[in-house]
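Colleague: Before we start, here is the structure in question, set down as structure tokens.
The values are calculated or read from the model by the stated rules, or taken from the named source; none is laboratory data. Fair warning: this is a prediction, and the values are worked out from it, not measured in the lab. Ideal geometry is used to build each Cβ from the backbone, glycine not excepted, and the neighbour counts take in all protein chains shown.
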Amino acid sequence: MSHLKRVCCGLAPALAIALLGAVLVPDAALTQVVICEVLADPTSDWDGDGVVNFRTDEWVEVYNGGAETVDLAAYWLRDGTGDAVHLNLSGSLASGEVAVFYGSDAIAWQELHDLGSSGLSLNNSGDLVQLLQTVDGQDELVIADEIVYLDHEADDDRASGLVLASGDWALFDGLNPYNGELPPLGTGCLPTPGVVNDCDGQVAVEADTWSRVKATYRD
């Protein structure tokens, strides 16, 4: 295991949650599951619980770019503020598929383990998001992937996402158009939680709400 960037060594997962070390560079060998979309400043009911909440409606999406189905219980999320892990992922993820995890998922997991109720804790002025992984059945967490988003990417229902066809990160600002010049530039594409990102250059004429967008697609 000498090629792994160790975050916490020799600890059971419950202890690793509270005692994670400093931020490290991701290991290039751990690239099967990656972060593919982040929405940090929700103003819509993204998790579908009937309430708009800045903590519960944040979300992070992950993508399995490998050939095999993976057990997401081996993966964890945290942001760049402090060392605590915010969520142990769950479920399985087939090759080429995505899974989205909301702030409400993080809060439920934290409360179950008596770790407070901070949620995903995504900063609206920009942040670092890390995907950690348990490797080889051991109680060590290593950084599998990490991304940084900027202030303008985290403004009122804007998401940053990896466009798989091109391999580039784009601003999904269809609900809140961005007209500035700081990259990533606005695309007019809608955030796509739970769906593989495909930004084909559609342009938003005006801002809309997530509720109205969902209603349009249902019709």
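Colleague: Could you give me the residue pairs with C-beta distances under 6 Å whose first residue belongs to segment 76-103 and is in contact (Cβ under 8 Å) with a residue 40 or more places away in the chain, whose second residue is among the hydroxyl-bearing types (S, T, Y) and assigned to a strand (DSSP E or B) wherever it lies, and which are 6+ apart or on separate chains?
Modeller: V98/Y63
Colleague: Check segment 125-143 and report whether any residue there is touching a Pro at 6+ places or on another chain (Cβ under 7 Å) and either crowded, with 20+ Cβ neighbours inside 10 Å or outside any strand (DSSP E or B) (or both).
Modeller: Within segment 125-143, one or more residues are touching a Pro at 6+ places or on another chain (Cβ under 7 Å) and either crowded, with 20+ Cβ neighbours inside 10 Å or outside any strand (DSSP E or B) (or both).
Colleague: Restricting the search to segment 9-32, which residues are part of a loop (DSSP other than H, G, I, E, B) and modelled with pLDDT under 50? Break it down stepwise before answering.
Modeller: The first filter runs over segment 9-32 and keeps only residues part of a loop (DSSP other than H, G, I, E, B), leaving 9-12, 19-32.
Within segment 9-32, C9, G10, L11, A12, L19, L20, G21, A22, V23, L24, V25, P26 qualify.
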